[in-house]
Amino acid sequence: MALTPDEEKKLREQIRKELEERERRMVESREKEESTRHENLENRFRQQIIEEEEARFFGERGYVKYVNRHGGTEWLTPGEAERRHNRRKSKKPSRQRAKKRKGLLLQWAVNGGMALFAAAVFLALLKFNPIKRSVPPGAIQVTSDVAGAMIYINGTEKQGFFTPDTLNDIPRGGYFVAVYKDGYTAWPPMQRVIVEANKVALAEFTLKSAGLLGKVAVEANLQDFRIYVDGTEMPPGSGVLDIPAGYHVISVVKPGYLAVPQHQRVFVKESGILRLYFEFQSSDNIGYLQINSNRSDGYVFLNNHLTGMKPNNRPFPVEEGLYEIRICANGFQSLPEVELLRVVPGDTHSLSFQVLSEVARDTLQILTPAPGAGIILDGQWMPYVTPLTDLVISEGHHFLNLAREGQFYAEQEIPLNLNRLSDKKIVLNF
């Protein structure tokens, strides 16, 4: 039965009210979440100030920090701290402790005897076992139609190897192989190969000559501003940029102003000119951040948001407030992992980070209903597409996004704490 005009009007009004109510709840939820996050940051900042002042106060008076047996912190004179330390070392065990220690020693002796017996049996069997004891490795041959591309295995660069080359002594199993060369895009972006004993697995790539450069015109409402491409400052006077086709992060900086947006993520094509526009807004509530590090290839994140800036550039303007500041790059750990800093208007705040190679690694699955989504990790474009079942990733905090045909999964990167991800799997509807 068709709706009458009045029924249609009432239905539209009802739907409109429901949508307005939904929007109101969404706004309230976001505001509450932001308020809670800011309150937590303020509390952490207060605690940091308390600890710093306490250490300065007692340190000036010659006291030393001592952690007692309950885990509490005390400030003692050096002599008292030494006496407590010696007393703890020389404290004689009670009868119960002595009995427990005796039982442990007996258990260790029994376990040691069993282990020695098992080792003797194993060695005897190994000596007379006719089966081959070791499985020979295989190799991976990586080629590309344009020579000189860097080779990546499971997301890690094989230092000193460039296409065409053969990687020998590779243990049996499955591997993800990718290549990279400045100014080129590889197809396919990644290949999975199976290495078998005494066999050579082949991975072949086609490099599309991105001597096919794209053009990007950067414009703003004001003149004389600095342009950054992928966190690197461009030469002065750059208006129309010639940069390799592909994914890039473009940022602009002008002292005394905040850029809106702060950065733009774009796909640069080899034909035509991509035009970007930024709005500079003046403000009296601007401070400046100078981020220094021993490495310059990790992106700076403020409150879990990508800034588009990398360390060791000139100071960049930031609106006053309390910030969590990180440097993130997969395969590396930052010391400290995060800095808590209040940005004061007119001041330049300097922070230094030590970025070291991360030994602890894990694997992450990134799945989407439709395959072929590009993967962006910590602001960097990865040489992989979904579905990806074995992305080698360092422990700790990371930021994830996906891209498909010029569209991004999220406006801001998705915070990802690998230590809290139990099944090491991310499924995104994209």
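Just so you know, all these numbers are worked out from the coordinates, no wet-lab data involved. Since we're looking at a predicted model, the values are computed, not measured. Quick reminder, even Gly has a Cβ in these numbers, built from the backbone with ideal geometry, and neighbours come from all protein chains shown.
Reported value for the range 138-209: 71 Å³ per residue, from the convex hull of its C-alpha atoms.
Relative contact order of the chain, please, whole-number percent, based on alpha carbon pairs below 8 angstrom and at least 6 residues apart. Don't skip to the answer; put the middle values down first.
Numbers: 793 pairs, mean separation 38.9, N = 430.
Computed value for the chain: 9 percent relative contact order.
Once every DSSP H run of n ≥ 4 in the chain is given -39500 (n - 2.57) and the sum is divided by its residues, what mean residue ellipticity at 222 nm do you get, rounded to the nearest 500 deg cm²/dmol?
Values: 3 runs with 103 residues, N = 430.
So the helix-based figure for the chain works out to -9000 deg cm²/dmol.
Computed over the alpha-carbon pairs of the chain, the distance histogram in 20 Å steps reads 17, 41, 30, 11, 1 percent, short to long.
Quick one: 85, 70, 248, fewest Cβ neighbours within 10 Å first, how do they rank? The partial results should precede the final answer.
Numbers: 85 12, 70 5, 248 20.
Going from least to most buried by this count: 70, 85, 248.
Ordering 263, 240, 430 by Cα displacement along the dipole of the chain toward the positive end leaves 430 in first place; charges were set at the Cβ atoms of Lys, Arg (+1) and Asp, Glu (-1).
For the range 216-357, the Kirkwood estimate of hydrodynamic radius, built from reciprocal distances between every pair of different alpha carbons, is 15.7 Å. Starting from the Cα of residue 48, step 7 Å along the direction of its Cβ; do the same at residue 424; then give the gap between the two resulting points in nm. About 3.2 nm, to one decimal.
In terms of surrounding Cβ atoms within a 10 Å radius of their Cβ, 357, 334 rank from fewest to most as 357, 334. If you look at the Cα atoms of the range 370-416, you get an Rg and a Dmax of 10.4, 30 Å. In angstrom, the C-alpha Rg and Dmax of the range 299-343 are 10.5, 32.
Centre-to-centre separation between the Cα atoms of the range 264-321 and those of the range 161-195: 33 Å.
Computed over the range 313-430, the P(r) curve from all C-alpha pair distances, binned at 5 Å from the origin, holds 2, 10, 18, 20, 17, 13, 10, 7, 2, 0 percent per bin.
With Rg and the Kirkwood Rh both taken from Cα atoms, where does Rg over Rh land for the range 204-297?
On the way: Rg = 15.2 Å, Rh = 14.8 Å.
On the Cα set of the range 204-297, Rg over Rh gives 1.03.
Please compute the net charge surrounding residue 334, taking Lys and Arg as +1 and Asp and Glu as -1 over other residues with Cβ under 15 Å from its Cβ. Spell out each step's value before the answer.
Values: positive: 295, 310, 326; negative: 297, 324, 337, 339, 358, 378, 395.
Around residue 334, the surrounding residues sum to -4.
FRET efficiency for the residue 271 to residue 101 pair, using the beta carbon distance and R₀ = 60 Å, is estimated at 0.15.
Once the mean of 1/r is taken over each pair of separate Cα atoms and inverted, the range 16-89 shows a Kirkwood hydrodynamic radius of 16.3 Å. Once you've got the Cα coordinates, tell me which of 181/215; 158/310; 254/310 are over 18 Å apart. Too far apart for the 18 Å limit: 181/215; 158/310.
Put a dot 7 Å past the Cα of residue 36, heading toward its Cβ, do the same for residue 65, and the two dots end up 3.0 nm apart.
Return an integer: the convex hull volume of the alpha-carbon atoms of the range 269-329, in Å³ per residue.
Working: hull volume 7.7 nm³, N = 61.
Residue-normalised Cα hull volume stands at 127 Å³.
Taking other Cβ atoms within 10 Å as a rough exposure proxy, 80, 23 sort from fewest to most as 23, 80. Rounded to the nearest Hz, the phi-derived 3J(HN,Hα) couplings of the range 339-346 under the Karplus curve 6.51 cos²θ - 1.76 cosθ + 1.60 (θ = phi - 60°) are 10, 9, 9, 9, 7, 9, x, x, where x marks glycine and proline.
Run the dipole for the range 361-427 about the Cα centre, Lys and Arg Cβ at +1, Asp and Glu Cβ at -1, nothing else charged, and hand back the magnitude in debye, nearest 20. Mind showing how you got there, number by number?
Numbers: 5 positive and 8 negative charges, 28 e Å.
Dipole size: approximately 140 debye.
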